[in-house]
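I have placed the structure first, in the form of structure tokens, so that the comments after it can refer back to it.
The values are calculated or read from the model by the stated rules, or taken from the named source; none is laboratory data. None of these values were measured; they are calculated from a predicted model. Using ideal geometry, Cβ is built from the backbone for each residue, glycine included, and neighbour counts are taken over all protein chains shown. Ligands, DNA and RNA are stripped out before the accessible areas are found, and what is left, the full protein with its side chains, is counted by its heavy atoms. Shrake-Rupley method; radii C 1.70, N 1.55, O 1.52, S 1.80 Å.
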Amino acid sequence: MDKISVEKKWNKRWQDTKVYQFDKSNVDNKHYVLEMFSYPSGSRLHIGHWYNYALSDSYARYKVMKGANVFQPMGFDAFGLPAENFAIKSGIHPEDSTLKNIAVMEEQLKNIGAIFDWDAEIKTCMPDYYKWTQWIFCQLYKHGLAYRKKAPVNWCEHCNTVLANEQVVDGRCERCDNQVVKKDLTQWFFKITNYAEELLNGLDDLDWPEKTKAMQRNWIGKSQGGEIEFQLTTGQAFRVFTTRADTLFGCSYVVLAPEHELVKQITTDECRQAVQDYCDEVAKTNEIERLSTAKEKTGVFTGAYAINPINGRKVQVWIGDYVLATYGTGAVMGVPSHDARDFDFATKYGLAIERVIKSADGSDDTLPFCNDGVMVNSDKFSGLTSEEGRLAVIDELEKVGKGKLTTNYRLRDWLVSRQRYWGAPIPVIYCPHCGEVLDENLPVKLPYDVDFRPDGTSPLARHHGFVNDVKCPKCGADAKREVDTLDTFVCSSWYYLRYPDSNNENAPFDTEWIDKMLPVDKYVGGAEHACMHLLYARFFTKALRDMGYLHFDEPFKSLVHQGIILGPDGNRMSKSRGNVVSPDAYVGEYGSDVFRCYLAFGFKYIEGGPWSEDGIKAINKWLDRVERYVLAAFDKYETTDKMGADEQQLNVVRHNTIKSVDADYEAFSFNTAVARMMELVNAMSKYDQAPVKNAKFYQDTALDLLKMLAPLAPHFAEELWEQVGQDYSIVKQAFPTFDENALKLNTVEVLVQINSKPKLRLNVDSSLDRAGLEQYVLSQSKVVELLEGKQPKKVIAVPGKLVNLIV
RNA sequence: GCGGAUGUGGCGAAAUUGGCAGACGCGCAAGAUUCAGGUUCUUGUGGGGGCGACUUCGUGCAGGUUCAAGUCCUGUCAUCCGCACCA
């Protein structure tokens, strides 16, 4: 078979006859299969796209054959930094390059032969999509979930621009190698932290990989503890968060984040220079360096003192880069005796170390002692366990207004402002009289004629018309537009809601309709999105639910991560390594079905692995083998209508294969599905040698094989289906069902072990129970022989498996 | 440092609840077909020992539980991923 030309033929016929179109008229048995949409940065599909899309499509096709009304859309996450950077380098406008890339990728995606519903296609950079992204921004704003505050960005003074983390290499600008510093800008945030608790609890009921759920739990990072107020000797106060209030008596200093608002006020004149120098240094380091455990903890004394509220002691106030302004209260207490890090810090700077917790049995007298134990040297609290003490200390402080029990989350609010051109404009207007006002005259169009080269401001700020041709919607005064754009994660946080209703011009989606279409039944995409995208999307769903726009709690009921296909050298494919394998040459040589089948067979789906060229040749040969035996079944030969021993043998394999392949597809275990089908083909090849064959049975078996293969090699299976005279189309066929009776064997082989060592295999009546099996085996002369006259002390019989005789 | 995973032949990998480790395929070897290469077909293929029916070792390493462990438990090493001093 010329697999390439056959693919063209069937792609066209499928499209012409709309053979697998989603039926919107009845969605009771809908099955929404979604793959993470792609970013059109390179112009062509890479192997990762294929691995994700082609095999998810096989799952979708399998679901169609199982009777589901499958909705499988495709689209493009089209805004983003790479297109803009490419534009700065090449002078090609991001819109032009993006739309061109999309056109190429669309063509390639169509050649996969996937059942994508192109009517539902989304491109996030088009006004008919980002209009609604902006609309959602407005709704979040109106519900108090969008707000502005100052936050640092990476700033290159030489290039006069904001840099993404990705553009900062070892603390320097990737373009000019200049030192990158932090600069505070007022930016927009979404209040995802309002949903921290629900985002955490909701994970329990999701059919997601446990690993992913664990990662999200850690990301949200809930911890219970106490907030304790320290008063400075100069009057001001600040709070620290601690999970170990039981160690409060051992607190000998406190540390503020260098960015803490009090630092400037409280630093004494003698310490001012040192503190200033330290803060300047910290501004140069990124968070990862700052939090590196390999680095020695550093800090400087501010000259200020605070009062430990539990015992009235005066303690020094330090600043240290290991305390983050964004986590907890931006201040921590130092208890050197019971925290390893504090111990190092105190030792280095000569601060007091006093034991206030002893081990429960008193046996461990080393410091630091970081486990729970029993309080000592703690006034009236001495003798309490750590667990009791934590509550008692906070309780005591609460009485005097100096403490409370709190829950702290690691999760931070989501910063959505980008000082970039290629994104959805933030629909806000700044009026000299009314302040910030939403612009609900949507879309706020992204102008085309913008100078997006970096010059110290957001590119849109330089577009005079965009910024200034606007009146305040409230009072009509001359006003100015917001010039930042939205993070592309905003676009991708709701696209799954748009797909089912992507042509709706009156709303982002119809509530009643998406309540029927959502949640997504199977979401497939990379594990790298475990914390950001998947969490943001869950947040959007919950926020929109609380506003009444939809009525379900979670966007993605079931989630699968595909693995990563590595280069032939076992490393991640990258241009710099020179190990990138393009799918194009293989698809061109063998066809998309062969390529898809190789991806299916060569890897465990969720793990991926190194690319190998040998594997694809093997699959090509195997499909040829399939063709030979399917055609052989419909060839002329001497026939019988009896089900003899040969037929029975093949029939058992046939039904076993159906049973296994069905379960394998459901579980995304494509490699074993192919293996089982190979076994069936091997059995057919053996049966083919029989001089007289049961044609009806042989042909039915061949047709079952084609149906099972159709999800993985759709064009190939469709072509053979036609060649053996079946009616169009195999896509519409029900997945084969297996006959339980065909699998029931009269006899089954059991293993006889003596002292757990395999000795003998016996065919026994499969209906025997434990006692019957034991009795039967012991009566066999061969077994008696093996026992050499000894009596078994113990007999373990497992019906259908083995009998173990202990002598 | 914390969290999560992974570790099985020369290679990709299989292996319900603990129940014959290595299915399926690649590669390799031998044979048949072929002028030859390719294709196709047959057989073999974890290591050691034995002519042999057999025997022994074997799932990163070391222990343990069990009649029985790739699977469960403890410890340990290595690799990968994620988060990053989380107070």
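Identify the single condition in (1) hydrophobic (A, V, I, L, M, F, W, C); (2) closer than 22 Å to A:M65 by Cα; (3) within 16 Å of RNA strand B (Cβ to nearest atom) that A:L778 does not satisfy, given that it satisfies every other one.
Against the list (1) hydrophobic (A, V, I, L, M, F, W, C); (2) closer than 22 Å to A:M65 by Cα; (3) within 16 Å of RNA strand B (Cβ to nearest atom), A:L778 comes up short only on (2).
Can you name the residue in segment A:331-348 that is more than 12 Å from A:F369 (Cβ to Cβ) and touching a Ser or Thr at 6+ places or on another chain (Cβ under 8 Å) and, of all such residues, is surrounded by the fewest Cβ atoms within 10 Å (Cβ to Cβ)?
Only one residue tops the list, namely A:A346.
Limited to segment A:549-566, what total is found for residues that are open to solvent by less than 60 Å² (accessible area, probe 1.4 Å), of a type outside the set (F, W, Y) and farther than 16 Å from A:E210 by Cα?
Total meeting the criteria: 5.
What is the one condition in (1) surrounded by fewer than 22 Cβ atoms within 10 Å (Cβ to Cβ); (2) in a loop (DSSP other than H, G, I, E, B); (3) among the aromatic types (F, W, Y) that A:W513 does not satisfy?
(2)
Could you list, in sequence order, the residues of segment A:17-62 that are within 17 Å of the chain's Cα centre (by Cα), under 16 Å from A:L518 (Cα atoms) and part of a loop (DSSP other than H, G, I, E, B)?
Once the filter is applied, which keeps residues that are within 17 Å of the chain's Cα centre (by Cα), under 16 Å from A:L518 (Cα atoms) and part of a loop (DSSP other than H, G, I, E, B), segment A:17-62 yields only A:M36.
Determine the pairs where a residue that is among the aromatic types (F, W, Y), located within segment A:332-358, has a partner that is within 11 Å of RNA strand B (Cβ to nearest atom) with Cβ atoms under 8 Å apart, the partner being 6 or more residues away or on another chain.
Close Cβ pairs (under 8 Å, with a partner that is within 11 Å of RNA strand B (Cβ to nearest atom)) amount to A:F345/A:V255; A:F345/A:K297; A:F345/A:G299; A:F345/A:G320; A:F345/A:G334; A:Y349/A:G299.
Restricting attention to segment A:310-364, and to residues there that are among the charged types (D, E, K, R) and in a loop (DSSP other than H, G, I, E, B), which single residue is nearest to the chain's Cα centre (by Cα)?
A:D321
State all residues of segment A:727-740 that are under 19 Å from A:K18 (Cα atoms) and open to solvent by 20 Å² or more (accessible area, probe 1.4 Å); if no residue qualifies, say none. Break it down stepwise before answering.
Of segment A:727-740, the ones under 19 Å from A:K18 (Cα atoms) are A:727-734.
Correct list: A:D727, A:Y728, A:K732, A:Q733, A:A734.
When only residues in segment A:567-594 that are open to solvent by 60 Å² or more (accessible area, probe 1.4 Å) and of a type in the set (A, V, I, L, M, F, W, C) count, which is nearest to RNA strand B (Cβ to nearest atom)?
Of everything passing the filter in segment A:567-594, A:V580 is nearest to RNA strand B (Cβ to nearest atom).
If A:I357 passes every condition in (1) among the β-branched types (V, I, T); (2) crowded, with 17+ Cβ neighbours inside 10 Å; (3) under 30 Å from A:T193 (Cβ atoms) but one, which one does it miss?
A:I357 satisfies every listed condition except (3).
Can you spot a residue in segment A:532-540 that is over 27 Å from A:D413 (Cβ atoms) and not hydrophobic (A, V, I, L, M, F, W, C)?
No: zero hits.
Considering only helices (runs of 4 or more DSSP H) fully contained in segment A:595-693, which possess at least 1 residues that are within 30 Å of A:I47 (Cα to Cα), open to solvent by 40 Å² or more (accessible area, probe 1.4 Å) and within 7 Å of RNA strand B (Cβ to nearest atom)?
Numbers: elements: A:613-633, A:645-666, A:670-687.
In segment A:595-693, A:613-633, A:670-687 are the helices (runs of 4 or more DSSP H) which contain 1 or more residues that are within 30 Å of A:I47 (Cα to Cα), open to solvent by 40 Å² or more (accessible area, probe 1.4 Å) and within 7 Å of RNA strand B (Cβ to nearest atom).
For A:K782, state whether it is touching a residue at least 12 places away in the same chain (Cβ under 8 Å), of a type outside the set (S, T, Y), open to solvent by 80 Å² or more (accessible area, probe 1.4 Å) and in a helix (DSSP H, G or I).
yes
Which one of these is crowded, with 23+ Cβ neighbours inside 10 Å and among the charged types (D, E, K, R): A:R44, A:R61, A:R13?
Checking each option against the conditions leaves just A:R61.
Can you name every residue in segment A:403-423 that is open to solvent by 20 Å² or more (accessible area, probe 1.4 Å), within 16 Å of RNA strand B (Cβ to nearest atom) and in a loop (DSSP other than H, G, I, E, B)?
Across segment A:403-423, the qualifying residues are A:R410, A:R412, A:D413.
Picking from A:K759, A:K732, A:K744, A:K707, which residue would you name as being within 16 Å of RNA strand B (Cβ to nearest atom) and touching a residue at least 24 places away in the same chain (Cβ under 8 Å)?
Being within 16 Å of RNA strand B (Cβ to nearest atom) and touching a residue at least 24 places away in the same chain (Cβ under 8 Å) holds for just one of A:K759, A:K732, A:K744, A:K707, which is A:K759.
Would you check which residues across segment A:78-105 are within 30 Å of A:F716 (Cβ to Cβ) and open to solvent by 30 Å² or more (accessible area, probe 1.4 Å) and list them?
Restricting attention to segment A:78-105, the residues satisfying the condition of being within 30 Å of A:F716 (Cβ to Cβ) are A:101-105.
Answer for segment A:78-105, where residues must be within 30 Å of A:F716 (Cβ to Cβ) and open to solvent by 30 Å² or more (accessible area, probe 1.4 Å): A:A103, A:V104.
To keep it simple, each residue is scored yes or no on (1) of a type in the set (D, E, K, R); (2) modelled with pLDDT of 90 or more.
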{"position": "A:W10", "(1), (2)": "no, yes"}
{"position": "A:K18", "(1), (2)": "yes, no"}
{"position": "A:F22", "(1), (2)": "no, yes"}
{"position": "A:S25", "(1), (2)": "no, yes"}
{"position": "A:V33", "(1), (2)": "no, yes"}
{"position": "A:S41", "(1), (2)": "no, no"}
{"position": "A:G48", "(1), (2)": "no, no"}
{"position": "A:L55", "(1), (2)": "no, yes"}
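Looking at segment A:446-455, which of its residues are open to solvent by 30 Å² or more (accessible area, probe 1.4 Å) and more than 14 Å from A:A87 (Cβ to Cβ)?
A:D455
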